1. Select from the range 9-19 the residues that are surrounded by fewer than 21 Cβ atoms within 10 Å (Cβ to Cβ) and in a helix (DSSP H, G or I) and list them in ascending order.
2. What is the residue count in the range 68-86 for residues that are part of a helix (DSSP H, G or I) and either on the phi > 0 side of the Ramachandran plot or of a type outside the set (A, V, I, L, M, F, W, C) (or both)?
3. Take the residues in the range 37-63 that are open to solvent by less than 30 Å² (accessible area, probe 1.4 Å) and in a helix (DSSP H, G or I), then tell me which one is nearest to Arg80 (Cα to Cα).
4. In the range 87-123, how many residues are assigned to a helix (DSSP H, G or I) and either of a type in the set (Val, Ile, Thr) or surrounded by 14 or more Cβ atoms within 10 Å (Cβ to Cβ) (or both)?
5. Output the qualifying pairs, or none if there are none: Cβ atoms under 9 angstrom, residues six or more apart or on different chains, first residue in the range 143-157 and closer than 12 Å to Thr5 by Cα and open to solvent by less than 30 Å² (accessible area, probe 1.4 Å), second residue of a type in the set (Val, Ile, Thr) and outside any helix (DSSP H, G or I).
6. Of the residues Leu73, Leu129, which is over 14 Å from the mean Cα position of the chain (by Cα), in contact (Cβ under 8 Å) with a residue 24 or more places away in the chain and open to solvent by less than 50 Å² (accessible area, probe 1.4 Å)?
Amino acid sequence: MPETTLSPGRLWKRMTDVQRVAAARAFWTDEEAADDQLQAVLLIAQQKKFRPKTVIGLDLDRKARHLASLPSLSDPLAARLLITYHLADQRPMMAAFLDALGIAHENGLIKEDDVKPDVAKIAPAAAGLARQFPADDVRLYLQTLVCQDPETWGALGDLPDVAASGDHP
């Protein structure tokens, strides 16, 4: 039986090329990701047969394209890419979802710790996102929430668009 548990690495494999490049661009410009960026440099160097110094010297677009082209990433690195992608490019969608759930936030970031969404509001909020934003972006966002915090967002995994997502390499 195939493994269907969501993980950041599995989500990376499911991302569209456009999403991957956007995530990689956001990642390389994140000043707080220096350790993860070094890991990415070493991974790109290994996969592409470059010297690490060569990868470091590449411009942002080339580094982003090289990282986006990697078929798989470790879960910690993929998690960082997912987070930077959403924070850089998907704040309007994040804010719309939290508004629909009635959760206080600041530009898509939840203000308080230990916030639990009202389970009855989750499906309508997700449906509202699906009407407002591209399906691939909505699916990735909801799957990322489940992956990052299954205890809080596990009810999203019961939604057909979120749950019906086998590995698509």
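1. The answer is Gly9, Lys13, Arg14, Asp17, Val18.
2. Residues of the range 68-86 part of a helix (DSSP H, G or I): 68, 75-86.
Checking which are either on the phi > 0 side of the Ramachandran plot or of a type outside the set (A, V, I, L, M, F, W, C) (or both) leaves us with 75-76, 80, 84-86.
Total meeting the criteria: 6.
3. The initial filter retains those residues of the range 37-63 that are open to solvent by less than 30 Å² (accessible area, probe 1.4 Å), namely 40-41, 44-45, 55, 58.
Okay, now just the ones that are also in a helix (DSSP H, G or I), so 40-41, 44-45, 55.
On the way: Ala40: 11, Val41: 14, Ile44: 16, Ala45: 19, Val55: 19 Å.
The residue in question is Ala40.
4. Of the residues in the range 87-123, the ones assigned to a helix (DSSP H, G or I) are 87-89, 91-101, 119-123.
Still in the running and either of a type in the set (Val, Ile, Thr) or surrounded by 14 or more Cβ atoms within 10 Å (Cβ to Cβ) (or both): 87-89, 91, 93-101, 119, 121-123.
Final tally of qualifying residues: 17.
5. These pairs meet every condition: Cys147/Thr5.
6. Working: Leu73 fails: over 14 Å from the mean Cα position of the chain (by Cα).
That would be Leu129, the only listed residue that is over 14 Å from the mean Cα position of the chain (by Cα), in contact (Cβ under 8 Å) with a residue 24 or more places away in the chain and open to solvent by less than 50 Å² (accessible area, probe 1.4 Å).
The values are calculated or read from the model by the stated rules, or taken from the named source; none is laboratory data. From a predicted model like this one, the values you see are computed outputs, not experimental measurements. Please note: Cβ atoms are built from the backbone with ideal geometry, for glycine as well, and neighbour counts cover all protein chains shown. Protein only, heavy atoms only, side chains kept; ligands, DNA and RNA dropped before computing areas. Shrake-Rupley method; radii C 1.70, N 1.55, O 1.52, S 1.80 Å.
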